[in-house]
Amino acid sequence: MQDWSWMEHLTVPILIFERGQLARWNQAAHDAWPFLEQGFAWDDFRSSWTGDWIVHLHPWSNGESFLVECHPDLTRPVAERLQEMREAYEELELIFSEAFDEVFVTDGKGITIRVNRAAERLYGLRQEDLIGRSVFDLERQGVFYPSVIGLALKLRRQVTVLQTTSDGTQLWATANPVFDSSGEIRLVISTAKEISDIVRPDAAMPEPMRREADGDDQPPNMVAHSPGMRRVFHIAKRVARTDISCLLLGETGVGKSTLAEWIHRISPRQHGPFVQVNCAALPDSLLESELFGYESGAFTGALKSGKPGKVELANGGTLFLDEIAEVPLHLQGKLLDFVERRVLTRIGGTRVHKVDARIIAATNRDLKQMVRDGRFRADLYYRLTGVEIEIPPLRKRKEDIPEIVQQLLRQVISEFETKVRRVHPAVIRRLEQYSWPGNVRELEHLIRRLVILSDGDCILLSDLRDEWIDEVPPSEASSSEGPLAQLAQLERALYADAASRLRTTYEIAEALGVSQSTVVRKLKKYGLSIKRM
Ligand SMILES: Nc1ncnc2c1ncn2[C@@H]1O[C@H](COP(=O)(O)OP(=O)(O)OP(=O)(O)O)[C@@H](O)[C@H]1O
């Protein structure tokens, strides 16, 4: 009689098959497969065993019986676990490398261990150029300053600083030291974000919501950080509620037309037309018919049906008389008549047309002085100036410049394809120093030009090389009211006056005793154009 008791000492399942049928098994086999008791043929067993087990066969000498020894296959779960860990690691790697914010990791001595792709973008160096280098060396070389990790190592605590990179980009950086069980710093992990990427909560809102939140406090396309501009909008908003005539004063390109349109848009007349007439754009003979219209056959070349003027077209809305100072004296009387009585007769007509329009006028001239000189009717001046709003020149509200630049950049990017995404802070500083005779319009043209001509994703100081703005000596730039700035203003006034009186750049050149090319350059510099062609 064979003794099978040894089988019970084994913790791996053992099965004995005799002539193809299961004859014996141990407890471990019973635990693994309780159904064995119901009998089992070798063929069934063979077809049902799984890859979870490694099976050894020990044949008996009679050739008809054998012992089956089953070992759990431990390699498979280990392989599966390894695969899971590999996938998790790859995912972490991806998160680390593709995070938009910079992640920079050093050991406890400040030697760089890992950096992500954002670091390459911010510092302009490849990962392999950063790994293995000390943050203190990188700080000395100006790759960034100060080193937030260096500070965290010195202070042995979390630190947040404003870090500047070699190209002047400002980063909001935080470094966090990680300590080991003996209290030594094992790693320092820092994360950093470009300041220009941090948007104010209201800027993140969708446009309609933002407008609602702004409550029409200022036109959506106009920047007003400076106290001067905030005051302008404050007054304009009050004026908008009324029907009072309003005179907008300010140098060329400060935003008079834009403000006039906004006043209309938030006024009770917002559903009526906004009609703009540039009184300087037409010769006197045409300006009258443009403003007041004409009846059929009023003059040769007139339309048979006659034509309403811009004043009539503004019925129910707002009439914006831009460059009001350019209205010739003989027309000022007719305009006064309309402003006082809100009625007009077309050229060649007798019928009186009643027009209900709010009047906003604008000029970059000293209208009061023109009244004193007898070049502008005092009664018209007083009728037009129910309220006078003076928009300050850009050089007197430099705090608006950075945001205007950002706004213009966003606008240009949305208009055409360009790689440019930002303007170097050093460029902004230079723009803040300039005196901007052509005001916001001049700044607008400059940004457009720079975006078009720039090759990279950032407008750099070197891109200003071909701009006259680069010629401004720092002494002049730092004091816009210094003698050089005053000289520039004087020169601008000279050219503005000539441009309003003369018809070509050649005539101006002759009058001022300079070359025609100088005239072209100066007109461009001061954002001026010849009004009467
Ligand atoms: N505060 C501002 N913020 C942003 N953009 C502005 C601002 N003011 C003006 N602009 C922009 O500057 C440009 C010139 O403005 P606008 O035509 O209103 O000036 P203006 O004073 O009427 O000029 P002009 O005297 O030559 O008629 C416009 O494109 C306008 O959108």
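Please work out if G272 is part of a loop (DSSP other than H, G, I, E, B), away from the ligand (no atom under 13 Å from the Cβ) and open to solvent by less than 60 Å² (accessible area, probe 1.4 Å). Talk me through it step by step, then tell me what you get.
Working: part of a loop (DSSP other than H, G, I, E, B): yes; away from the ligand (no atom under 13 Å from the Cβ): yes; open to solvent by less than 60 Å² (accessible area, probe 1.4 Å): yes.
Yes, satisfied.
With the structure loaded, tell me whether L335 is hydrophobic (A, V, I, L, M, F, W, C), away from the ligand (no atom under 16 Å from the Cβ) and open to solvent by 60 Å² or more (accessible area, probe 1.4 Å) or whether it fails that test.
When the stated conditions are applied, L335 does not pass them.
Evaluate region 448-462: report whether one residue or more is in a helix (DSSP H, G or I), at pLDDT below 80, touching a helix residue (DSSP H, G or I) at 6+ places or on another chain (Cβ under 8 Å) and more than 16 Å from the ligand (Cβ to nearest atom).
Yes; the residues of region 448-462 include at least one that is in a helix (DSSP H, G or I), at pLDDT below 80, touching a helix residue (DSSP H, G or I) at 6+ places or on another chain (Cβ under 8 Å) and more than 16 Å from the ligand (Cβ to nearest atom).
Can you confirm whether region 413-420 contains a residue that is in contact with a Cys (Cβ under 6 Å, 6 or more places away or on another chain), more than 16 Å from the ligand (Cβ to nearest atom), modelled with pLDDT under 90 and not in a helix (DSSP H, G or I)? Lay out the reasoning, then the answer.
From region 413-420, those in contact with a Cys (Cβ under 6 Å, 6 or more places away or on another chain) are none; that's our starting set.
No, region 413-420 contains no residue that is in contact with a Cys (Cβ under 6 Å, 6 or more places away or on another chain), more than 16 Å from the ligand (Cβ to nearest atom), modelled with pLDDT under 90 and not in a helix (DSSP H, G or I).
Might you check whether a residue that is charged (D, E, K, R), in contact with a strand residue (DSSP E or B) (Cβ under 8 Å, 6 or more places away or on another chain) and assigned to a helix (DSSP H, G or I) occurs anywhere in region 156-170?
No.
Kindly provide the set of residues from region 123-147 that are on the phi < 0 side of the Ramachandran plot, in a loop (DSSP other than H, G, I, E, B) and either open to solvent by 40 Å² or more (accessible area, probe 1.4 Å) or touching a Pro at 6+ places or on another chain (Cβ under 7 Å) (or both), ordered by number.
Within region 123-147, L125, R126, I131, R133, Q141 meet the criteria.
Select from region 32-75 the residues that are open to solvent by less than 60 Å² (accessible area, probe 1.4 Å), among the aromatic types (F, W, Y) and touching a Leu at 6+ places or on another chain (Cβ under 8 Å) and list them in ascending order.
Scanning region 32-75 gives F40, W42, F45, F66.
List the pairs whose first member sits in region 498-520 and is in contact (Cβ under 8 Å) with a residue 40 or more places away in the chain, whose second member is charged (D, E, K, R) and open to solvent by 50 Å² or more (accessible area, probe 1.4 Å), and whose Cβ atoms are under 7 Å apart, counting only residues at least 6 apart or on separate chains?
Sorted first by the residue in region 498-520, then by its partner, the pairs are S500/K531.
Take the conditions surrounded by 15 or more Cβ atoms within 10 Å (Cβ to Cβ), more than 16 Å from the ligand (Cβ to nearest atom), under 21 Å from T165 (Cα atoms) and not acidic (D, E) and apply them to L431. Does it pass?
No: the conditions fail for L431.
Name the pairs whose Cβ atoms lie under 7 Å apart, with the first residue in region 424-448 and farther than 20 Å from G250 by Cβ, the second more than 15 Å from the ligand (Cβ to nearest atom) and assigned to a loop (DSSP other than H, G, I, E, B), and 6 or more positions between them or separate chains?
Pairs found: H424/D167; H424/G168; H424/L460; P425/G168; A426/G168; V427/L460; Q433/V472.
Every residue, every condition in (1) under 21 Å from Y434 (Cβ atoms); (2) of a type in the set (K, R); (3) outside the structural domain of L286 (by TED's automatic domain parsing); (4) at pLDDT 80 or above, yes or no:
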| position | (1), (2), (3), (4) |
| --- | --- |
| E467 | yes, no, yes, no |
| A485 | yes, no, yes, no |
| Q489 | yes, no, yes, no |
| Y495 | yes, no, yes, yes |
| R532 | no, yes, yes, no |
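Show the residue pairs that are 6+ apart or on different chains and have beta-carbon atoms under 6 Å apart, the first residue being within region 86-99 and under 9 Å from N116 (Cα atoms), the second being open to solvent by 60 Å² or more (accessible area, probe 1.4 Å).
Short answer, once both residue conditions are applied: S97/R117.
Filtering region 257-267 down to residues that are open to solvent by less than 20 Å² (accessible area, probe 1.4 Å) and of a type outside the set (F, W, Y), which residue is farthest from the ligand (Cβ to nearest atom)?
S267
Are there any pairs with C-beta distances below 8 angstrom linking a residue in region 242-263 that is assigned to a strand (DSSP E or B) to a residue that is within 7 Å of the ligand (Cβ to nearest atom) and open to solvent by 10 Å² or more (accessible area, probe 1.4 Å), with the two at least 6 apart or on different chains, and if so which?
Listed pairs, sorted by first residue: L248/K256; L249/K256; L249/N364.
Any residue in region 366-378 that is within 16 Å of the ligand (Cβ to nearest atom), in contact (Cβ under 8 Å) with a residue 60 or more places away in the chain and open to solvent by less than 20 Å² (accessible area, probe 1.4 Å)?
yes
Can you report the number of residues in region 421-441 which are in a helix (DSSP H, G or I) and under 23 Å from K524 (Cα atoms)?
10
The values are calculated or read from the model by the stated rules, or taken from the named source; none is laboratory data. Here the structure is a predicted model, which means the values were calculated and not measured. Backbone-built Cβ (ideal geometry, glycine too); neighbour counts: all protein chains shown. In case anyone asks, the SASA skips ligands and DNA or RNA and just uses the protein heavy atoms, side chains included. Shrake-Rupley method; radii C 1.70, N 1.55, O 1.52, S 1.80 Å.
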